[in-house]
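A.B. asks: Please find one structure pasted underneath; my questions will follow.
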Amino acid sequence: MALLECEGLTRRFGGLVAVSSVTMQVATGEVRAVIGPNGAGKSTLFNLINGVLPPSAGLVRFDGEQLTGLTPAQVCQRGVSRTFQLTALFPEMTVRENASLAAQARDAQRWLPFGGGAVFHRARAKADAALERLGLSHVADRPAGLLSHGDQRLLEVAMALAQEPRLLLLDEPTQGLSVEETQQAVETLKTLLAGGELAVVLVEHDMEVVFRLAHKITVLHRGAVIADGTPEEVKADPGVQAAYLGDFADAAD
Ligand SMILES: Nc1ncnc2c1ncn2[C@@H]1O[C@H](COP(=O)(O)OP(=O)(O)O)[C@@H](O)[C@H]1O
Ligand SMILES: [Mg+2]
């Protein structure tokens, strides 16, 4: 059974239909890429899944429970974490402190009086585990702002992972990286995702990254799903080539 189910998910902004009746499923162990040119509705879809925006119609189910109507914090509590397209780090805090803060944000007992010490230690252990998995242990005590751009993007993933999600939403994890940094990040992500215990939705512009990481691809065009299948199926789809790859080449310039 799918862990994440979007059914007829729709979001309007005035007269614009940014996300149009999107139906999509993601199972545990599956990496699903969502691709489409600028303005296709990818970020809006993320915002609908994690509760930043309410849908105009349709629903999101996670492990059988409806997420629609929950706040982003409540969605995170259920086990859905996301990275952000814009760097959301505290540059003067250490790498470990950044990851610990992210872990604490999910801890249901973080506001209990006298619970502070236990919460702190728990968060630190989760942070260290996440940093280890992303190969960042050796820079744990460094201020986040001093990391290379590539390591900062991996730290964003580590912060989401420190929340111990069951569903991870990755928003363009290789954006702004050099060719070498991208290759390194893809290797790290591939190892991380091979564990099979996570469901992943990946929004990504770089088609090589998509084809290296994704098991399934959903193609959005003007908010609607125009293709859904394995990378091979999507690559061979004439509708995708006509509607999307031309636009994509333009958007990638
Ligand atoms: N808060 C908003 N208010 C009005 N229009 C929006 C808002 N957010 C996104 N849009 C519009 O919705 C469409 C989809 O945007 P977005 O989801 O950001 O696309 P993508 O991430 O695929 O580039 C675009 O036309 C965008 O201008
Ligand atoms: Mg976007």
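A.B. asks: Is there a residue being within 16 Å of ligand 1 (Cβ to nearest atom), of a type in the set (S, T, N, Q) and under 14 Å from A224 (Cα atoms) anywhere in the range 84-103? Please lay out each step first, then the result.
C.D. replies: Within the range 84-103, the first condition is being within 16 Å of ligand 1 (Cβ to nearest atom), and the residues that meet it are 84-86.
Then drop every residue that is not of a type in the set (S, T, N, Q), which leaves 85.
In the following step, the residues that additionally are under 14 Å from A224 (Cα atoms) were identified as none.
There is no residue in the range 84-103 that is within 16 Å of ligand 1 (Cβ to nearest atom), of a type in the set (S, T, N, Q) and under 14 Å from A224 (Cα atoms).
A.B. asks: Working only within the range 155-188, note down all residues that are within 27 Å of L48 (Cα to Cα), part of a helix (DSSP H, G or I) and either within 12 Å of the chain's Cα centre (by Cα) or among the charged types (D, E, K, R) (or both).
C.D. replies: Listed by number, the residues that qualify are E156, V157, A158, M159, A160, L161.
A.B. asks: Might you let me know whether the range 88-103 holds any residue that is within 16 Å of ligand 2 (Cβ to nearest atom) and modelled with pLDDT under 95? It would help to see each step written out before you state the result.
C.D. replies: Going through the range 88-103, the residues within 16 Å of ligand 2 (Cβ to nearest atom) turn out to be 88.
Going one step further and asking which of them are modelled with pLDDT under 95, we end up with 88.
Among the residues of the range 88-103, at least one is within 16 Å of ligand 2 (Cβ to nearest atom) and modelled with pLDDT under 95, which makes the answer yes.
A.B. asks: Could you list, ordered by first residue, the pairs with Cβ atoms under 9 Å in which the first is in the range 168-182 and in the same structural domain as V203 (by TED's automatic domain parsing) and within 13 Å of ligand 1 (Cβ to nearest atom) and the second is part of a strand (DSSP E or B) and not aliphatic (A, V, I, L, M), at least 6 apart or interchain?
C.D. replies: L169/S81; L169/R82; D171/R82
A.B. asks: Within the range 208-232, work out how many residues are in a helix (DSSP H, G or I), touching a Lys or Arg at 6+ places or on another chain (Cβ under 9 Å) and surrounded by fewer than 20 Cβ atoms within 10 Å (Cβ to Cβ).
C.D. replies: Taking the range 208-232 and keeping what is in a helix (DSSP H, G or I), we get 208-213, 231-232.
Add one more test, that the residue is touching a Lys or Arg at 6+ places or on another chain (Cβ under 9 Å), and what stays is 211-213, 231.
Filter again for surrounded by fewer than 20 Cβ atoms within 10 Å (Cβ to Cβ), leaving 211-212, 231.
Residues that pass the stated criteria total 3.
A.B. asks: So which of R106, R32 ends up being in the same structural domain as A243 (by TED's automatic domain parsing) and of a type in the set (K, R)? Give the steps one after another, and end with the answer.
C.D. replies: Values: R106 fails: in the same structural domain as A243 (by TED's automatic domain parsing).
One residue alone meets the criteria, R32.
A.B. asks: Which members of the range 19-57 meet the condition of being more than 16 Å from ligand 2 (Cβ to nearest atom) and surrounded by fewer than 19 Cβ atoms within 10 Å (Cβ to Cβ)?
C.D. replies: S21, T23, Q25, A27, T28, G29, P54, S56, A57
A.B. asks: Out of all the residues in the range 226-235, is one or more among the hydroxyl-bearing types (S, T, Y) and either at pLDDT 95 or above or more than 17 Å from L154 (Cα to Cα) (or both)? Let's see the steps before the verdict.
C.D. replies: Let us first name the residues in the range 226-235 that are among the hydroxyl-bearing types (S, T, Y), namely 230.
Remaining after also requiring either at pLDDT 95 or above or more than 17 Å from L154 (Cα to Cα) (or both): 230.
Scanning the range 226-235 turns up at least one residue that is among the hydroxyl-bearing types (S, T, Y) and either at pLDDT 95 or above or more than 17 Å from L154 (Cα to Cα) (or both).
A.B. asks: Tell me, which residue of the range 129-150 that is without any contact (Cβ under 8 Å) to a residue 40 or more places away in the chain and buried (at least 19 other Cβ atoms within 10 Å of the Cβ) is nearest to V95 (Cα to Cα)?
C.D. replies: That would be L131.
A.B. asks: Kindly indicate whether R11 is in the same structural domain as A243 (by TED's automatic domain parsing), away from ligand 1 (no atom under 16 Å from the Cβ) and of a type in the set (K, R). Working first, answer last.
C.D. replies: On the way: in the same structural domain as A243 (by TED's automatic domain parsing): yes; away from ligand 1 (no atom under 16 Å from the Cβ): no; of a type in the set (K, R): yes.
For R11, the condition - in the same structural domain as A243 (by TED's automatic domain parsing), away from ligand 1 (no atom under 16 Å from the Cβ) and of a type in the set (K, R) - is not met.
The values are calculated or read from the model by the stated rules, or taken from the named source; none is laboratory data. What you see is a predicted model; the values in this text were computed from it and never measured. For neighbour counting, all protein chains shown are included, and Cβ atoms are generated from backbone atoms with ideal geometry for every residue, glycine included.
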